[in-house]
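Only one structure is covered here, and it is reproduced in the block below.
The values are calculated or read from the model by the stated rules, or taken from the named source; none is laboratory data. Since this is a predicted model, take the numbers as computed values, not measurements. Here Cβ is always computed from backbone atoms with ideal geometry, including for glycine, and neighbour counts include all displayed protein chains. What goes into the accessible areas is simple: the full protein's heavy atoms, side chains included, and nothing from ligands, DNA or RNA. Shrake-Rupley method; radii C 1.70, N 1.55, O 1.52, S 1.80 Å.
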Amino acid sequence: LLILKETTLAHFQRGVSSFAGDLPGIAAQIRATGRRLGADRIYLSGFSSSGFSALQVSLMLPCHGYLGFSHSTDLSPGSALPRPWFLTDEVYAQLDPRWLQDLRPLLADADPSVPRVLCYGDGSEKDSVHARHLAGLDTIRLLCLAKARHNTILHLLGKDRLAAAFNRLVADR
């Protein structure tokens, strides 16, 4: 289990200190760490501010699955979808535009045999709009949690369903 935490407002868009300098570097380091540890499968997960980059990285490396919670799906310039509160115009202008993408076209070209799931709560309009942006793709399953707000992880924990979500992801392969 490799847990990455990035504490700046860039939220992984500029890499992770002492690990990798950018998103492709994160993908390469995850792959290298997996090889070094003898892992034969790589799964990624991300919540909220890390979810967009985690999904992006899942599309950059051969992974066996992705489970996301309440995150953005389109940070491209000019997107009509709402940006996260921390991505102010000032912060946004400092990020590498190559990674400020709409993930829908990337997911449209992704391997449909890799299970990817995005959980979101119907009580969060921003998360719902971003999730629905991916509707109709056969490469990601959208899971709307009734009566959940942004913190879908806490919602699933409270219902004793979080471990089951991860177990389903791993069992899919």
Being surrounded by fewer than 19 Cβ atoms within 10 Å (Cβ to Cβ) and either closer than 19 Å to residue 10 by Cβ or touching a strand residue (DSSP E or B) at 6+ places or on another chain (Cβ under 9 Å) (or both) narrows it down to one of 77, 115, 105, so name that one. 77
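Every residue, every condition in (1) over 16 Å from residue 66 (Cβ atoms); (2) open to solvent by 40 Å² or more (accessible area, probe 1.4 Å), yes or no:
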{"position": "119", "(1), (2)": "no, no"}
{"position": "123", "(1), (2)": "yes, no"}
{"position": "134", "(1), (2)": "no, no"}
{"position": "144", "(1), (2)": "yes, yes"}
{"position": "154", "(1), (2)": "yes, yes"}
{"position": "160", "(1), (2)": "yes, yes"}
Pick out the one residue from 47, 69 that is within 23 Å of residue 121 (Cβ to Cβ), of a type in the set (A, V, I, L, M, F, W, C), within 13 Å of the chain's Cα centre (by Cα) and modelled with pLDDT of 95 or more. 69
